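The next block holds one structure in the form of structure tokens; read it before the comments.
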Amino acid sequence: MQPPVLQPPVLQPIASERAPYNGLTKAEQTLPSSAYWDADNYQRDLDAIWYKDWLLVCREADLAQPLAFRTFRIGTQEVVVLRDDTGVLRAFHNTCRHRGSQLCQESEGRLKARLITCPYHAWSYSLRGDLVRVPSKSLPDGFDKADHPLYRVALSVWRGFVFVNLAEDAAGSAQAAFDPASGDLCNWPLETLVSGHVLRKVMNCNWKIFWENFNECLHCPGVHKDLSRLVPIYGRGLMGRHDDPEWARHADNDAPEFSGGLRDGAQTWSSDGQAHGPVFAGLTPAEHAAGQTYATSLPSMFIVGHVDYVRSVRLVPLGPEQTELTAEWLFAPDALAATDIDNIITFGTQVLEEDAAICEVNQKGLRSMRHQAGVLMPEEYDLHRFHNWVRDRHQAAL
Ligand code: FES
Ligand SMILES: [Fe+2]
């Protein structure tokens, strides 16, 4: 079978997005239910999407020191990302060129020398990936060390976040892979933020289920009671002003249930709605009023900017029905030193746990032999856009 052609890495807009009313006007089918549990479908997701796109792995600060490394699993693949002795970040398949042994066995650490040495027969590679030492007493004819460097993986840094791309012909950059229809976090000082908390969670659902849930708020009134109180428009099952077919009647109404901002008196996503520490200086009045600004890069991550902190969420598929989520809360260094962040962490964790739990419930129902596909409601226009993006990648096989 021919490998799928590399598609542009961004979501394609759908017509309704440009119209004043966002909602779908005709019934659209979901992906077939087998897309969420079938092993062949999962392999196609890996080949056509996860092994072709720019994927978030960590923050630059996680590899601050020379010789620091981390390993990451993406589907069936393992990648080692390291900072070399000259300060350059590099990524390789975590596989030796001799007989394919795993190279780095720990999930993170610091190399003991300026070499990566295979634990099996001690082939050694420079931190640039060149094979520099083979312990055999002699080398056979036709063998040249220069022909056996580590398998290199493309790496791109976007504003302090490290991305890799497993495609041998990886093109573009992490920056170009962001959905242009999502928000712009250029007024948030992302590069200088520091980690306040990390949440890791394995969810028993296909990775697409998480994104579908992310792309609609129909579930918000029932699933996110506290969040719906904080963001009143979510309590109406909507994500934004133009999701309401009657939006024009309320076009001048800036009450949060119509505008999408936070409830009166609230500043940020936290248990009491209050900012905990100084707010970022460079935000516009609109960004303050919005309460949350999202930037997304399918398939691996989104970031949401609030007035006083930022939260990133990274996904990685572990299997057809298992996805690992890593959420990280990022703060200005002085805010973190001076602020009690419990209110923020508790609230964000609650929302993520609510989403993870309902995603698992969704996954459980998809095995029904009678359920071939579902149907979308108008508010699920972004979900339809996501489905079309997946269909494009699968060459319309779904
Ligand atoms: S497999 Fe790595 S040195 Fe043999
Ligand atoms: Fe949700």
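The values are calculated or read from the model by the stated rules, or taken from the named source; none is laboratory data. Predicted model only: the values in this text are computed from it and were never measured. Don't worry about glycine lacking a Cβ; one is built from the backbone with ideal geometry, like all the others, and counts go over all protein chains shown. Keep in mind that these areas ignore ligands, DNA and RNA; they rest on the heavy atoms of the full protein, side chains included. Shrake-Rupley method; radii C 1.70, N 1.55, O 1.52, S 1.80 Å.
Give the Rg/Rh ratio for segment 16-151, taking Rg as the radius of gyration of the Cα atoms and Rh as the Kirkwood radius, to two decimals. Mind dumping the intermediate values first?
Values: Rg = 21.1 Å, Rh = 18.0 Å.
Reported Rg/Rh (Cα atoms, Kirkwood Rh): 1.17.
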(request) In whole Å, largest first, what are the principal axis extents of the Cα atoms in the chain? (result) 82, 55, 33
(message) Which residue fluctuates most in the GNM of the chain (Cα springs below 10 Å): Gly365, Gly261, Gly348?
(response) Gly365
(request) Could you grab the Rg to Rh ratio for segment 131-187? Cα atoms only, Kirkwood for Rh. (result) 1.27
(message) If exposed means no more than 12 neighbouring beta carbons inside 10 Å and the site is in a DSSP loop, what's the longest run of the chain without any exposed GluC sites (Glu not before Pro)?
(response) 247-398
(message) Which residue fluctuates most in the GNM of the chain (Cα springs below 10 Å): Leu315, Leu139, Leu330?
(response) Leu139
(message) Using a Debye calculation, one point per C-alpha and no hydration shell, please list log10 I(q)/I(0) for segment 141-254 at q = 0.18, 0.20 Å⁻¹ in order.
(response) -1.26, -1.31
(message) For the chain, take the longest principal axis of its alpha carbons; what is the angle in degrees between that and the long axis of helix 342-365, to the nearest 10 within 0 to 90?
(response) 90
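Before rounding to the nearest 500, sum -39500 (n - 2.57) across all DSSP H runs of length at least 4 in the chain and divide by the residue total; then give [θ] at 222 nm in deg cm²/dmol.
On the way: 11 runs with 86 residues, N = 398.
Estimated from H runs of four or more residues: -5500 deg cm²/dmol.
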(request) Give me the lysines in straight-line cross-link reach of Lys208: C-alpha distance below 26 Å, same-chain residues under 8 apart excluded. (result) Lys26, Lys52, Lys225, Lys364
(request) Excluding residues on the same chain fewer than 8 positions from Lys137, give the lysines whose Cα lies under 16 Å from its Cα. (result) Lys145
(message) Suppose we keep just the alpha-carbon trace of segment 330-385; what are its Rg and Dmax in angstrom?
(response) 18.5, 56
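Give the Kirkwood hydrodynamic radius (Å, one decimal) of segment 98-178, defined as one over the mean of 1/r across all pairs of different Cα atoms. Let's see the in-between values first.
Values: mean 1/r = 0.0667 Å⁻¹.
Evaluated over segment 98-178, this radius sits at 15.0 Å.
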(message) Given Cβ point charges of +1 (Lys, Arg) and -1 (Asp, Glu) and nothing else, what value in debye, to the nearest 20, does the dipole of the chain about its Cα centre take?
(response) 1360
(request) Name the cysteines of the chain that stand alone by the Cβ rule: no other cysteine Cβ under 4.7 angstrom. (result) Cys58, Cys104, Cys186
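Report the Stokes-Einstein translational diffusion coefficient (µm² s⁻¹, integer) for segment 204-293, Rh taken as the Kirkwood radius over Cα pairs, at 20 °C with viscosity 1.002 mPa s. Provide the component values of the computation, followed by the final result.
Working: Rh = 14.2 Å.
Translational diffusion coefficient: 151 µm²/s.
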(request) Please calculate how many Å² of accessible area segment 55-165 carries per residue, with a 1.4 Å probe and no DNA, RNA or ligand atoms counted. (result) 50
(request) Name the residue farthest towards the positive end of the dipole of the chain from the options Ser270, Asn343, Pro320, assuming +1 on Cβ of Lys and Arg, -1 on Cβ of Asp and Glu, about the Cα centre. (result) Pro320
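Around Asn165, what is the net charge, scoring Lys/Arg as +1 and Asp/Glu as -1 over all other residues with Cβ under 13 Å from its Cβ?
On the way: positive: Lys52, Arg152; negative: Asp53, Glu168, Asp169.
Spelling it out: positives minus negatives among the neighbours equals -1.
Can you pull the percent of segment 104-247's accessible area that's carbon plus sulfur, 1.4 Å probe, other chains left in place?
Working: 3490 of 7180 Å².
C and S atoms contribute 49 percent here.
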